[in-house]
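Notes follow once the structure below has been shown.
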Amino acid sequence: MKIGVSSYSFNGYVKHTGADYFELCDIAKEIGYDGIEFTDLVGTDDPIGLAGRIREHCAKIGLDVISYTVGANFLTKDVEAEIERLKGCVDVAEALGAKVMRHDACYGYEGHVHARTYRDAIAQIAGPIRRVSEYAAA
């Protein structure tokens with residue numbers, strides 16, 4: 001079994017010190033973790049380039065990139081835009097070398113005041129999730 005940590009776990013440290021993703025990898029390795037999960041790579045206009053550099057750094061220090069986790073909401077008004085954004089996140093996960101990408105499915109109906117059921121949500125989010133999954137499989 002391998003033990004990993006999420007980059008999210010270092011958010012307080014990052015806010016306090018300004019540490020970057022590479023420093024987080026070094027710290028995770030120093031603490032004794034075997035791998036690291038990244039959440040939404042932010043602060044760059046080139047997330048794929050950053051992901052590639054992180055992947056190289058992790059390989060150099062012997063730290064596995066376990067997964068990439070991002071937020072998502074398929075109950076949004078612009079589902080097509082959300083699907084395309086998530087496809088871009090799949091590309092980032094690939095550049096990281098992550099074998100797994102995890103994403104949210106929804107946060108709730110945008111601007112809808114009437115009650116909706118779990119089945120209503122599933123009917124609306126299943127297709128978009130499938131489309132992102134099919135993109136990732138390719």
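The values are calculated or read from the model by the stated rules, or taken from the named source; none is laboratory data. From a predicted model like this one, the values you see are computed outputs, not experimental measurements. Neighbour counts are summed over all protein chains in view; Cβ atoms, including those assigned to glycine, are modelled from backbone coordinates with ideal geometry. For the accessible areas, the whole protein counts, side chains as well, though only heavy atoms, and no ligand, DNA or RNA atoms are used. Shrake-Rupley method; radii C 1.70, N 1.55, O 1.52, S 1.80 Å.
Pull out the extension gain between D20 and D34, defined as 0.36 nm times the separation in residues minus the alpha carbon to alpha carbon distance; nm, one decimal.
Details: separation 14, 0.36 × 14 = 5.04 nm, distance 1.90 nm.
Separation in residues times 0.36 nm, less the Cα-Cα distance, equals 3.1 nm.
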*What angle, in degrees between 0 and 90 and rounded to the nearest 10, separates the Cα long axis of helix 79-96 from the longest principal axis of the Cα atoms of the chain?*
20 degrees
*Counting Lys and Arg as +1 and Asp and Glu as -1, each charge on the Cβ, what is the dipole of the range 1-110 about the Cα centre in debye, to the nearest 20?*
320 debye
_Which order do you get for S9, S67 if you rank them by accessible area with a 1.4 Å probe, largest at the top?_
S9, S67
*Quick one: ranking R131, R53 by accessible area, 1.4 Å probe, largest first, what do you get?*
R53, R131
_Dimensionless Rg/Rh of the chain - Kirkwood Rh, Rg from C-alpha atoms_ = 1.03
*Using the Karplus curve 6.51 cos²θ - 1.76 cosθ + 1.60 with θ = phi - 60°, work out ³J(HN,Hα) for each residue of the range 118-130 in order, rounded to whole Hz, and write x for Gly and Pro.*
4, 5, 4, 5, 4, 4, 8, 9, 4, x, x, 4, 4
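Go ahead and estimate [θ] at 222 nm for the chain from helices alone: -39,500 (n - 2.57) per DSSP H run with n ≥ 4, summed, over the residue count, rounded to 500. Numbers along the way, then the final one.
Working: 5 runs with 71 residues, N = 138.
About -16500 deg cm²/dmol.
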*Gain in length, R102 to N11, computed as 0.36 nm per residue apart minus the alpha-carbon separation, to one decimal in nm?*
30.9 nm
_Using a 1.4 angstrom probe on the protein heavy atoms only, could you order K29, K99 from most to least accessible area?_
K99, K29
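For the range 20-90, count the residues as N, evaluate 2.2 N^0.38 Å, and divide the Cα radius of gyration by that value, please. The partial results should precede the final answer.
Numbers: Rg = 14.2 Å, N = 71, 2.2 N^0.38 = 11.1 Å.
Working it through for the range 20-90, the quotient is 1.28.
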_20 Å Cα cut-off, lysine pairs counted over the range 21-138 (separation 8 or more, or different chains)_ = 5
*Rank E30, E82, E94 by mean-square fluctuation in a GNM of the chain with C-alpha springs under 10 angstrom and give only the top-ranked residue.*
E30
_Along the Cα→Cβ direction, 7 angstrom out, place labels at R130 and A59. What is the inter-label distance in nm?_
3.6 nm
